[in-house]
Structure formats: structure tokens, C-alpha cells
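Below: the structure, in C-alpha cells.
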Amino acid sequence: MNIESIIKVVVIDFDGTLIDTTMPEVGKKMWKDATGEDFPHKGWWGKRESLDINIFPNETFGDIVSVFNKVKSDPNTFVALCTGRITQLANQVNAILNKHNLKFDDVVLTGDKRFNNCANNTLTFKINYLNSLKDQFPNLKEVEFYDDRREHHDTFVQWGKLQPFTVKVHLVH
């Protein structure tokens, strides 16, 4: 990929945006049904088991896959997955992407040291990642961002208003 030729970046969130990941209440019951044992942790989102492809369906949202397929075919567009899941879950996230044959130009998880380690704050991490795009792609003209978290939406919109390029923020339901 020629960095100079990239004029658009599309960033897609993982949980609830691209992938219909299982929520903790349902997931812990599914875990018990599948294994005969209680889920081994109190938490959910930071645990490898929450993304187990042998227990949870982790299906895609077709409308976002359609967006992905469309933008991925443009040689002047860089397509990244940016998730609040922590870096220790990279193997599980990548297994789900591979299961669905989704090949991103970059997969970025919270805590990735390239973008200031903000392992405890997904929103700050994602904003740091978005800020890094300006340095990474000198001819950037547009950023599109897809995320399902309503509580983050206004911050992304405000960030977009401050940029020297067009920013489109899509709140996914």
C-alpha cells in the first residue's frame, strides 16, 4: 500500500458494530450450557473466553459488512478496525475476523502502545487513534467512523469538526 495514495480512512468498531458479540448475561448462560461450568471470571469484556468461537456465534452485521466490502475495494482507502477490546484479546478478535474472511488494513485494540496506552479508557484510545491518522496519511481528505456507542458519538462529532478534512461519524444501531 502506498501511504501517499491514501485519501480516505474508514474506521469500524468491533463489538455491536461489525460483530454481534454476545452480551455478558446471555454469554455466561451459554458458557454454562456449553461447558457445564460457570463462566470462570466476574468480568466479561476483557476476558478471552468471552470471544470463544466454539461457544459464541459472533456473527456479523450484514449492513456493516457491505460497507466494509465496498470501501475495501477502493485502493485509495485504508480500512481499520478499532476496538475497545484490549490487546491481550488480539488472537480472539483476529480469529473472529478470519472466520468471516474480513481482512482489515489494520486491527487496533485498546492499549496498543502505538497510540498512547489508554487501556482503561476506550474513548480516549479511539480519539488518539483517530488523531494518529493525520500523521500516518499526509494526503488524507476524509475519515468515516462507524461505532455503536451513543455515549461516544458526540465526542467523535466534535473531534470531526476540528479536523482539516471531512469527517463522517455513523452511529450504528
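The values are calculated or read from the model by the stated rules, or taken from the named source; none is laboratory data. All of these numbers come straight from a predicted model, not from anything done at the bench. Neighbour counts are summed over all protein chains in view; Cβ atoms, including those assigned to glycine, are modelled from backbone coordinates with ideal geometry.
Within segment 42-59, how many residues are under 17 Å from LYS103 (Cα atoms) and touching a Phe, Trp or Tyr at 6+ places or on another chain (Cβ under 9 Å)? Here the count works out to 0. Per the conditions (1) in contact with a strand residue (DSSP E or B) (Cβ under 7 Å, 6 or more places away or on another chain); (2) under 30 Å from SER5 (Cα atoms), the sole criterion not satisfied by LEU89 is (2).
Among residues of segment 144-173 that are more than 21 Å from ILE6 (Cα to Cα) and free of Cβ contacts under 8 Å to residues at least 60 places away in the same chain, those with a Cβ under 7 angstrom from a residue that is of a type in the set (Val, Ile, Thr) and outside any helix (DSSP H, G or I), sequence gap 6+ or separate chain, pair up as HIS153/VAL169; PHE156/VAL169; VAL157/VAL169.
Out of everything in segment 131-152 that is modelled with pLDDT under 95 and under 18 Å from ASP15 (Cβ atoms), what residue ends up being nearest to the chain's Cα centre (by Cα)? Restricting to residues being modelled with pLDDT under 95 and under 18 Å from ASP15 (Cβ atoms), the top hit is ARG149.
Inclusion of GLY43 among residues that are surrounded by fewer than 15 Cβ atoms within 10 Å (Cβ to Cβ), outside the structural domain of PHE156 (by TED's automatic domain parsing) and within 25 Å of ARG150 (Cβ to Cβ) is warranted.
A residue that is within 22 Å of LYS8 (Cα to Cα), among the acidic types (Asp, Glu), part of a helix (DSSP H, G or I) and within 16 Å of the chain's Cα centre (by Cα) occurs somewhere in segment 62-73. Quick one: in segment 55-109, which of the residues that are without any contact (Cβ under 8 Å) to a residue 40 or more places away in the chain and β-branched (Val, Ile, Thr) is nearest to GLU37 (Cα to Cα)? Per the stated criteria, the residue is ILE55.
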